[in-house]
Amino acid sequence: EDVAFRVRFQGPAPPPSQRYWRGPVLHDFDGFTWRRRLGPGAVRQPTEPVSPPLRYQVMLEPTGRSYLFGVDTISQITGRRNFQTFDGQAIASREITSPIVYEGVSYLEVRHTKPLSVTGRRLDTQPLGNRNPRTQALARQMRAASLDNRDYMQRALRYFQDGGFEYTLTPPRLERDSIDDLLFNTRLGFCGHFASAYVTLMRAAGIPSRVVTGYLGGTWNPVGGYYVVRQSDAHAWAEVWLEDAGWTRVDPTAVVAPERLRRGVNELLDSGTSLTGRLFVQAEWLRRMRDTWDAAANFWQERIVNYNLGAQLSLLEKLGLGKLDYRALAVLLIGVAVLWGLWVMRAAARSPRAAQDALEKTW
């Protein structure tokens, strides 16, 4: 239940099923673990917005990492030293060891204007080797029966939808060929399992794909007037390259457990979850108490600790002085100081003076 970050939207917020908060993008898979690309990447694919811009402010808690989060697809992240990698992930120049505030601009729908580069295609179609042979055989069988890549994607999704898979936060331990074990034996897992297996199926058919991690959704805090994204909202999904559409988000969890997208992971708490976690979900008065405490803590952090230049300029703008440049602000400051000094001098001159004794006159 720890807070990952808080968000204020400028205007209406998108529904929970569209609030995908993009974080680390994973390309390299050794059969056991997905990892970020630490070496040279690929050329970033240019995009054009198809939907209106979505503007928001993020108050990120310290993570000890350099990841920043924004609604997918991120177009802009404020901060002189913040940047984006070739795969659309937002990064800070240093590890985040204290709460920070930044603003983002995203588009829920974009169009890719150029084909995938040779390097990008090679990066996201890495060979699977001799691991998970049953999964590779399934991929060849479904691809042979498919009309094109898009049809194959839908067939793979239907396999998750109709294959008896179940969402659980306490899945069993998988064997060495973990994807085979998941798809053909246990059929139990959460978002990370399903995204990993789906991308493996795509790569087995030669389709560029990757795993994207981050968060999904967030809950409304009516006391503070913002959304809270917690660690329990962590999520993983897949991205697949289609020649006529570019990078396309595919979330296999959406067909295994649709309620995860509509209502959040709290609706799927099972017996493996702590009693404290279940109480906060089930007890309305506990949620209200938590929201009040969180709003008070956020007010202190936002208005007192982080009362920086941005907050000061925001206050000036509310007072009708937001269009003044630094020269006008300096003149205004000097004028206020002079007026204050004159008022103090006038008050001092009019205040009654006590009669001085001999010692004071001498001094």
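The values are calculated or read from the model by the stated rules, or taken from the named source; none is laboratory data. Values in this document were obtained by computation on a predicted structure and should not be read as measured data. Ideal geometry is used to build each Cβ from the backbone, glycine not excepted, and the neighbour counts take in all protein chains shown. When the accessible area is computed, the model is the full protein with side chains, heavy atoms only, and any ligands, DNA or RNA have been set aside. Shrake-Rupley method; radii C 1.70, N 1.55, O 1.52, S 1.80 Å.
Under the condition of being at pLDDT below 95 and of a type in the set (Val, Ile, Thr), which residue from the stretch 59-73 is nearest to residue 97 (Cα to Cα)?
63
Which of (1) open to solvent by less than 10 Å² (accessible area, probe 1.4 Å); (2) under 29 Å from residue 63 (Cα atoms); (3) modelled with pLDDT under 95; (4) not hydrophobic (A, V, I, L, M, F, W, C) is the odd one out, the single condition residue 209 does not satisfy?
Exception for residue 209: condition (3).
Name the residues in the stretch 157-181 that are over 16 Å from residue 257 (Cα atoms) and open to solvent by less than 60 Å² (accessible area, probe 1.4 Å), would you?
Step one: filter the stretch 157-181 for residues over 16 Å from residue 257 (Cα atoms), giving 172-181.
Of everything in the stretch 157-181, those that are over 16 Å from residue 257 (Cα atoms) and open to solvent by less than 60 Å² (accessible area, probe 1.4 Å) turn out to be 172, 174, 177, 178, 179, 180, 181.
One line per residue, one yes/no per condition, for (1) at pLDDT 70 or above; (2) surrounded by 10 or more Cβ atoms within 10 Å (Cβ to Cβ); (3) assigned to a helix (DSSP H, G or I):
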| residue | (1), (2), (3) |
| --- | --- |
| 311 | no, yes, yes |
| 316 | no, yes, yes |
| 327 | yes, no, yes |
| 333 | yes, yes, yes |
| 339 | yes, yes, yes |
| 343 | yes, yes, yes |
| 348 | yes, no, yes |
| 356 | yes, yes, no |
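Can you say whether residue 209 is among the small types (Gly, Ala, Ser), in contact (Cβ under 8 Å) with a residue 24 or more places away in the chain and under 30 Å from residue 296 (Cα atoms), as far as the supplied structure shows? Break it down into steps so the answer makes sense when it comes.
Working: among the small types (Gly, Ala, Ser): yes; in contact (Cβ under 8 Å) with a residue 24 or more places away in the chain: yes; under 30 Å from residue 296 (Cα atoms): no.
So residue 209 fails the test.
Quick one: in the stretch 99-132, of everything that is of a type in the set (Val, Ile, Thr) and assigned to a loop (DSSP other than H, G, I, E, B), which residue is surrounded by the most Cβ atoms within 10 Å (Cβ to Cβ)?
From the stretch 99-132, those of a type in the set (Val, Ile, Thr) are 100-101, 105, 110, 113, 118-119, 125; that's our starting set.
Imposing the further condition that a residue be assigned to a loop (DSSP other than H, G, I, E, B) reduces the set to 113, 125.
Numbers: 113: 10, 125: 18.
Top of the filtered list is 125.
For (1) surrounded by 14 or more Cβ atoms within 10 Å (Cβ to Cβ); (2) touching a strand residue (DSSP E or B) at 6+ places or on another chain (Cβ under 8 Å); (3) touching a residue at least 24 places away in the same chain (Cβ under 8 Å), each residue gets a yes or a no:
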| site | (1), (2), (3) |
| --- | --- |
| 37 | yes, yes, yes |
| 45 | yes, yes, yes |
| 50 | no, yes, yes |
| 58 | yes, yes, yes |
| 68 | yes, yes, yes |
| 81 | no, no, no |
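Exactly one condition in (1) out of contact with any Pro (no Cβ under 7 Å at 6 or more places or on another chain); (2) among the hydroxyl-bearing types (Ser, Thr, Tyr); (3) open to solvent by 10 Å² or more (accessible area, probe 1.4 Å) is false for residue 226; which is it?
Here residue 226 clears every test but (3).
What do you reckon, is residue 135 β-branched (Val, Ile, Thr), touching a residue at least 12 places away in the same chain (Cβ under 8 Å) and not in a loop (DSSP other than H, G, I, E, B)? Can you show your working first?
Values: β-branched (Val, Ile, Thr): yes; touching a residue at least 12 places away in the same chain (Cβ under 8 Å): yes; not in a loop (DSSP other than H, G, I, E, B): yes.
It is true that residue 135 is β-branched (Val, Ile, Thr), touching a residue at least 12 places away in the same chain (Cβ under 8 Å) and not in a loop (DSSP other than H, G, I, E, B).
Consider the stretch 7-35. How many of its residues are open to solvent by 30 Å² or more (accessible area, probe 1.4 Å), in contact (Cβ under 8 Å) with a residue 60 or more places away in the chain, farther than 22 Å from residue 291 by Cβ and not in a strand (DSSP E or B)?
Keep residues of the stretch 7-35 that are open to solvent by 30 Å² or more (accessible area, probe 1.4 Å), which gives 8-13, 15-18, 28-30, 32-35.
Retained after the next criterion (residues that are in contact (Cβ under 8 Å) with a residue 60 or more places away in the chain): 8-9, 13, 16-18, 28-29, 32, 34.
This time we only want the ones that are farther than 22 Å from residue 291 by Cβ, so: 17-18, 28-29, 32, 34.
From the residues that got through so far, the ones that are not in a strand (DSSP E or B) too are 17-18, 32.
The qualifying residues number 3.
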